[in-house]
Each structure stands twice: as C-alpha cells, then as structure tokens.
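The values are calculated or read from the model by the stated rules, or taken from the named source; none is laboratory data. These numbers were taken from a predicted model, which means no experiment stands behind them. Counting neighbours? That spans all protein chains shown, and the Cβs are built from the backbone with ideal geometry, glycine included. For the accessible areas, the whole protein counts, side chains as well, though only heavy atoms, and no ligand, DNA or RNA atoms are used. Shrake-Rupley method; radii C 1.70, N 1.55, O 1.52, S 1.80 Å.
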Amino acid sequence: MTAAHPGLDRERRRVAVRGLVQGVGFRPFVHTLAGELGLAGTVTNTGEGVLVEVEGSPDALDAFCRRVAGDAPPLAQVHEVEHAPLAATGATGFRIVPSRPDGARATLIPPDTAVCADCLAELADPADRRHRHPFISCTNCGPRHTIVTGLPYDRANTTMAGFPLCPDCAREYADPADRRFHAQPVACHACGPRLALTVPGRPDLGGEQALAEARRLLADGAVLAVKGIGGYHLACDARDAAAVALLRRRKRRGRKPFALMARDLATVEGLLPVDPVERELLTGPVRPIVLLRRTGLPVPEGVAPGSPDLGVMLPYTPLHHLLLAAPGPDLLVMTSANLSGEPIVTEDREALERLAPLVDGWLGHDRPIHVPCEDSVVRVVDGEQLPLRRSRGYAPLPIPLPVPVRPALAVGGDLKNTFALARDGYAWLSGHIGDMDDLATLRAFDRAVEQLGTVSGVRPELLVADRHPGYRSLRHAERTAAGRPVHRVQHHHAHIAAVMAEHGLDGSRPVLGVAFDGTGYGADGAVWGGEVLLADYDGFRRLAHLGYVPLPGGDAAVERPYRTALAHLRAAGLPWLPELPPVRACGAAELGLLERQLERRLNCLPSSSMGRLFDAVSSLAGVCHRAGYEAQAAIELEAAACGFGRADGPGAGPTARADDGYAFGLSARAGGWTADPGPVLAAVVADVTAGAPAGLVAARFHRAVADLVRRSCAAVRDRYGATTVALSGGVFANALLSSACASGLGEDGFTVLRHRRVPPNDGGLALGQLMVAARSTATREE
Ligand code: ZN
Ligand code: ZN
Ligand code: FE
C-alpha cells in the first residue's frame with residue numbers, strides 16, 4: 001500500500017520556534033536535523049522566530065518537534081515550539097529560504113559572545129585562511145547585540161552590511177553544512193574589517209603592522225585606546241607600575257579600581273586563587289569581569305588601591321587574544337574608555353577627539369558599534385553568581401517574568417542607570433548606561449531605548465520611574481511620555497520586587513525585604529536606605545528601619561564620609577574628640593561650619609541610610625575619609641574587615657575576635673522597629689580611641705549589621721509569619737555582609753533570596769519597577 005501511495009502516510013507541519021533562535025546557527029541545525037530524519041521542507045527566519053515547514057512520516061515529524069527544542073545549538077534558547085498541520089505537497093529536499101520581515105517581533109537577538117574554541121584554533125593555524133584574522137567569528141561566537149541595526153537578524157541589518165562577502169566567505173555563508181552558515185559577522189582577511197593603529201605625528205599602520213606596533217607600545221608602557229565589542233577600552237601593561245600610574249593620572253581616576261584582562265586562566269591563577277564557579281565564569285561564553293578576592297598584592301598597588309578584590313576578565317575578541325599573546329604583556333589594564341559616569345565611547349571620531357588627552361595611540365577598526373555595551377561585572381558569593389553590572393554577554397537577553405506585564409518602559413534610577421522594556425512574560429534589560437547627570441548619558445539612554453524597542457518589539461503603553469521628584473530619569477520619562485501615564489514606584493520597594501521577580505515569585509505571599517543602600521526617596525520624603533519591608537508586588541509596609549539621623553545633604557556629604565561620620569557622632573550624642581580620624585580629616589573651619597549646619601539643620605535631611613552608616617564607620621575607623629567613586633568608603637571598609645588595610649596590605653584577618661562586638665539598639669515603635677546606630681558608634685569610638693586596628697573595627701561592624709538583619713527579621717517573623725527574606729540594595733554588593741546575613745538567616749530557618757540575574761544596586765531597579773507598576777493584573781499604582 002505504502003509503496004503504491006507514498007503520499008498517504010506523509011504529513012506536513014508548520015513548526016514555529018520562538019526564543020533565542022536567530023544568530024545562533026539555528027537554521028543550519030534545523031537543516032541537519034531534517035536531513036537526518038529524512039524530512040522535506042523549508043526553514044526561514046521571521047520577525048517572530050524560526051518558521052519551519054516539514055513533511056514526512058508522522059514518527060519523523062514527532063521526533064523533529066521534540067528534537068528541535070531538545071538538541072538546539074549551544075547559544076540557542078527555545079522558549080516555545082508551536083505546530084499546526086498543513087496539507088502535504090509531496091515536496092522533496094530541504095531548503096533554507098530567505099528571511100521574511102514579518103511576524104510579531106517576538107524573536108530574540110543573542111548577546112555578544114566570546115570567540116569560540118574552533119575559531120581560536122583557526123586563528124592559530126598558519127594553514128587556515130583566517131590565520132591571525134582579528135575578526136574571526138562563526139555561528140557560535142562573535143558580536144551580535146552591538147552590531148544589530150534592525151530585524152530580522154540578517155547581515156543587511158547589522159553593521160557588517162558595509163562589508164560585502166568575498167567569494168570564499170559567501171560560499172561558507174551559503175553552505176548549510178558549514179559552521180559559518182548564515183553567521184552574520186563572518187569575514188576574512190579579504191573582505192572583513194581592518195585594523196588601524198593611529199599614533200599622533202606618525203603615519204597610520206594597518207594589519208599585522210598595527211598589531212605589532214600596538215604590542216610594542218604596550219610593552220613600552222604606553223596607554224592605548226583599544227576598540228572592542230561594545231566600546232573602547234583604555235589599555236596598558238598592568239604589571240608596569242609607571243604605566244598604571246600614568247593611566248590613573250590621565251583618567252583622573254582617584255582610587256577607583258581598574259579591571260584587568262589576563263592572557264589566559266593560568267595567568268589569573270598565578271595572581272590569586274580561583275574557585276570552580278569563578279573559573280567557569282571567567283572562561284564561559286559571556287566573559288564578564290569577575291571580582292576575585294585578592295590574597296596579596298600580585299599587581300602594582302595602583303591597579304586597585306584599597307580594594308579587597310581584583311576585577312579580572314579573559315580575552316573575548318580575537319583581537320584581544322592577538323594583543324595578549326606571548327611574548328609581551330600577559331596582563332593588561334582594560335578599563336572602559338569614558339569620562340567618569342559617562343557612557344563608554346563607541347564612535348571612532350569621538351574616540352580620536354575625546355580620548356586624545358588620555359592615550360598615546362588608538363588601535364581601532366572599521367566595524368561600527370551600533371550600541372554601546374560595557375563589560376559585565378560579577379562576583380561569586382557563597383558559590384553563586386552575583387551580578388554587579390549586567391551588560392555585555394547578557395544584554396539583550398530577556399529575563400522571564402513570573403507574571404505577565406503590560407507593554408512598559410521602566411526607566412530605572414539615576415545612578416548606574418539601566419532601563420527595562422517589557423511585555424507579556426519578558427523583560428528586556430538594557431546594558432549599563434551610566435549616571436543620568438549629563439546630556440551624553442541621556443542621549444545614550446534614548447538611543448538604547450530605541451534600539452531595544454526594535455529588538456524586543458515592545459511599544460510601551462506606560463512608563464515607570466522612581467518616586468524621587470528630583471530624579472533626572474523621572475523627568476526624562478515625563479518629558480518623553482507623550483500622553484502615556486508615568487507610574488512611580490518607591491525605590492526600596494522596587495529593589496525588593498526585583499529580587500522577587502528573578503526568583504520567580506508570583507507575589508501571592510509577601511516576603512521580608514531587607515533593602516540596604518546609599519539613598520532612596522522615602523514615602524515620607526526622608527532619605528531611606530536601611531529598610532526592612534514586608535512586601536509583595538502590590539505594596540509594602542515598612543516594618544523596621546535605621547533610626548533617622550540628620551545628614552548634611554548634597555553630593556559633598558557623599559564624597560566626604562568624614563562629614564557623615566561627624567553627623568552620626570553628633571546624632572548619637574558623642575563628642576568630636578580631636579583624636580578621632582574624621583575630626584582630624586576635617587579642617588577647623590569646616591568643623592565650625594558643619595557644627596552650625598547640623599545645629600540649625602540647614603540643608604540636612606533625615607536619613608536612615610545604611611550606605612551612609614558604612615561611610616561613617618569607614619571614616620571613624622580611619623579607613624576612608626574621601627570617596628572618589630561610589631561606595632569607595634564601604635568597599636575599603638569591607639577590605640579592612642577582610643584583613644586588607646589601606647596602607648597595611650594583607651595580613652592575618654582580625655575576624656577571629658570580631659564576635660565580641662557591637663550591637664544596634666532595636667526598639668519597638670508603633671507598627672514596627674527602629675534600629676538605633678548610637679550604641680554601635682559609641683563602641684566604634686571606644687575601640688578607635690583604645691587603638692584598635694581598623695580591621696577589627698571593620699569586622700565587628702560587619703558582624704553587627706548582619707546581626708541586626710537577623711534580629712529584625714526574627715522580630716518581624718514572630719508578628720507577620722513571613723518565612724522568606726529577600727536581600728537587595730547596593731550595600732549587598734558587599735560579599736562579606738551578604739554571606740554573614742545569609743548564613744545567620746539560614747540558621748534561623750529563613751529562605752534567603754539574593755540577586756543572581758540583576759544587580760542588587762540601582763542597576764536592578766528597573767526590573768522591580770516593572771513588577772510593581774506594570775503587571776497586567778495590577779489594580780493600583782503607588
Ligand atoms: Zn567561533
Ligand atoms: Zn571573506
Ligand atoms: Fe538603591
């Protein structure tokens with residue numbers, strides 16, 4: 001029967017695959033799979049994903065539908081496979097047909113991915129036609145997000161559109177059996193982008209000459225601008241103290257740590273210990289900067305003065321590999337080329353102009369960067385990844401949401417801004433944009449909103465911003481709302497909602513949210529930042545907080561922790577003893593002014609900020625009086641607690657004696673608890689005046705804060721019965737504190753949720769804003 005009527009047991013199906021299925025080698029995979037199963041048909045990219053029509057025996061079709069998700073290529077993420085019957089046509093053969101720019105734009109653009117092992121092997125193979133090609137890539141690796149200019153994801157809609165394929169590349173690109181089939185950034189020496197080295201007063205160099213001269217300059221201690229995937233870096237030899245000092249001076253960087261790029265894993269392991277989770281992050285396809293706790297000082301002090309960590313990454317572009325190859329420097333400083341707080345420089349002309357005072361030369365190329373994308377930063381805390389900046393390698397992958405949302409744009413906060421676009425069950429988070437305090441950042445913000453809007457297909461019906469009336473992000477949202485509502489969400493509520501969302505909580509049960517950060521606009525107009533909330537997505541109740549202390553307002557206070565310390569001493573009724581470090585750090589005239597300011601409460605805001613309390617203690621312990629970058633005083637206090645002083649370097653950790661330490665007062669008030677920092681400050685002063693080392697003070701303070709978290713959660717549980725604690729806010733970038741809180745709460749039987757997909761700092765705010773204000777079921781706004 002079957003032989004006589006071959007059409008009878010044949011079926012045809014239309015299979016729609018949605019998820020991260022473009023730019024990841026999905027169509028060749030489908031082609032191979034169909035071939036293996038003896039199926040006929042076609043596959044194409046649409047604006048919606050990958051659309052397959054397959055024809056063959058029902059068994060083979062079933063196997064196809066199963067394996068199309070189960071056996072997908074490494075970079076793919078299949079979210080949905082939908083199939084519908086069609087009439088069989090009797091067609092034979094399987095073809096990849098041209099992309100169709102239709103569909104509802106539910107497709108996903110892959111993130112930029114580190115050069116893969118296959119490409120690296122070719123890069124090193126003298127017989128390969130891409131030997132030493134600085135732009136080698138394939139379907140499994142290379143730039144994606146930063147080169148996409150439109151959808152569907154095809155070469156014409158990338159910044160590679162200006163590089164017509166040579167006949168050899170064109171053949172590979174068109175051959176379904178080739179590992180470069182439809183790899184959009186594919187190129188070679190003949191047709192690809194070109195390197196150029198620009199050194200003022202000298203003729204430009206290209207190709208191998210450019211590379212060789214750049215390597216020589218770096219070895220000689222020069223500072224170079226190096227064009228990467230998502231922007232320019234400033235690079236110098238990290239083992240050359242003079243070069244590092246030169247870069248720090250030119251960039252007016254203060255003490256802010258520089259990130260490093262090491263030749264290979266062995267180089268990193270020669271610097272400091274690397275645990276298996278860190279190793280996986282370092283060598284994986286994302287290649288973030290991994291903050292590794294240093295145990296000594298394996299690099300010049302100027303790389304990361306006073307920091308408990310070194311931020312290290314491995315090469316992720318072929319150019320990086322060529323630049324760092326032996327012989328020559330095996331460890332480079334690779335810091336984003338920007339001025340403090342501004343977006344990373346991506347345009348060649350801008351780089352030539354704006355970086356001129358900073359560099360001795362530019363190693364660039366002519367592949368345009370369509371959107372900026374900074375390096376991501378992660379650290380490992382208790383064996384889990386904690387993102388501190390979610391950018392290259394993650395963006396623009398969406399985060400699945402536990403409950404659907406209306407099409408919305410959440411604009412995030414003013415510092416470390418990232419925004420989010422969302423609809424249905426997904427949120428697309430932008431990369432790190434910058435601090436929203438200048439025009440360049442706002443422009444970068446608008447460009448990024450537009451690009452992510454194209455990629456995600458989100459047409460926002462509403463906007464979400466912070467409640468702070470002075471936030472530029474809020475004002476920007478209001479300016480661009482064009483009649484759409486702008487919902488406003490309390491800062492710490494958003495922090496907690498963000499942790500809940502990434503852990504998949506549907507919000508049906510409230511959590512205890514511990515939100516510790518530097519500053520956030522409180523519901524009562526005060527500066528909040530040491531908050532324990534009973535929260536779900538709908539709302540929150542402030543159960544406990546640090547007692548209000550009037551702190552001198554403005555940026556000056558944040559930049560000068562000694563002023564915060566003095567304000568805290570005064571609020572605690574402690575005298576400004578002349579031998580105390582913050583008193584010594586403050587000039588006599590300024591002391592007088594500050595005293596009058598605090599007395600009259602001029603430009604002073606009541607504050608419950610935990611971040612500022614860390615600043616105060618950092619200054620009191622003599623660790624840091626002036627912060628040149630955000631959270632510097634707290635970071636150096638953490639370093640001191642880990643046994644790293646500002647000047648004394650690594651030593652035996654004093655944590656052994658930290659237990660007999662300080663304790664916050666915790667007193668019940670109407671509807672909650674207030675934590676009084678006074679007793680802690682008094683104990684700090686007693687230790688400091690008795691000559692206790694900074695490390696001991698720092699360690700005892702960390703313990704006291706962890707203990708406060710434990711005590712307030714226990715107190716609150718007894719009354720409200722919540723058993724899950726969510727930790728968020730920038731203070732929880734502190735690994736020592738995060739660990740101590742989690743272990744204490746764990747001992748008390750709490751389930752502890754910490755960030756693992758978005759940062760605890762304001763870089764994670766937008767996700768929480770969405771969850772509070774844009775849920776489809778949201779019945780009220782705050
Ligand atoms: Zn590759
Ligand atoms: Zn070519
Ligand atoms: Fe915050």
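Worth pointing out:
- Centre-to-centre separation between the Cα atoms of region 476-554 and those of region 231-247: 39 Å.
- Angle in degrees between helix 491-502 and the longest Cα principal axis of the chain, rounded to the nearest 10: 40 degrees
- Tilt relative to the chain, helix 694-720 - C-alpha long axis, 0 to 90 degrees, to 10: 80 degrees
- Extreme residue, positive dipole direction of the chain, given options 234, 167, 720 (C-beta unit charges): 720
- Surface per residue (accessible, 1.4 Å probe) for region 420-551, Å²: 33 Å²
- Compactness of region 183-255, taken as the C-alpha radius of gyration over 2.2 N^0.38 Å, stands at 1.30.
- For region 391-490, DSSP calls about 60 percent of its internal beta bridges antiparallel.
- Cα-Cα pairs of the chain separated by more than 36 Å (percent): 48 percent
- Expressed as a whole percent, the accessible surface of region 655-782 that belongs to carbon and sulfur atoms is 48, based on a 1.4 Å probe.
- Residue-averaged [θ]222 nm for the chain, counting only DSSP H segments that reach four residues, each worth -39500 (n - 2.57): -9500 deg cm²/dmol
- Rounded to the nearest 20, the size of the Cβ-charge dipole of the chain about its Cα centre is 1160 debye, with Lys and Arg at +1 and Asp and Glu at -1.
- Measuring nothing but protein heavy atoms, the accessible surface of region 148-295 at 1.4 Å probe radius is 55 percent carbon and sulfur.
- Coil-residue trypsin sites (Lys or Arg not before Pro) of region 209-281, DSSP, other Cβ within 10 Å capped at 14: 252
- Computed over region 695-782, the Cα gyration tensor eigenvalues convert (square root of 5λ each) into semi-axes of 27, 18, 10 Å, ordered from largest to smallest.
- Over the chain, relative contact order from alpha-carbon pairs under 8 Å, at least 6 apart, %: 11 percent
- Label zone at residue 269 (point 7 Å along Cα-to-Cβ), backbone N below 20 Å, region 293-318: 293-299, 310-316
- Å² of accessible area per residue within region 141-201, as computed with a 1.4 Å probe and no ligands counted: 35 Å²
- Between the listed residues 94, 528, 693, the Cα displaced farthest toward the positive end of the dipole of the chain, a dipole computed from Cβ unit charges relative to the Cα centre, is found at 528.
- Cα-based helix-to-principal-axis angle, 678-689 vs the chain, degrees rounded to 10: 80 degrees
- Overall form of region 186-321 per C-alpha gyration tensor (a/c, 1.5; a/b vs b/c): oblate
- Using only side-chain charges placed at the Cβ, +1 for Lys and Arg and -1 for Asp and Glu, the dipole size of region 658-782 relative to its Cα centre rounds to 400 debye.
- Using the 1.4 Å probe convention, the accessible area of region 314-407 works out to 32 Å² per residue with neighbouring protein chains retained.
- Accessible surface of region 583-639, 1.4 Å probe, proportion on carbon and sulfur as whole %: 52 percent
- Its residues counted as N, region 265-414 yields a C-alpha radius of gyration over 2.2 N^0.38 Å of 1.19.
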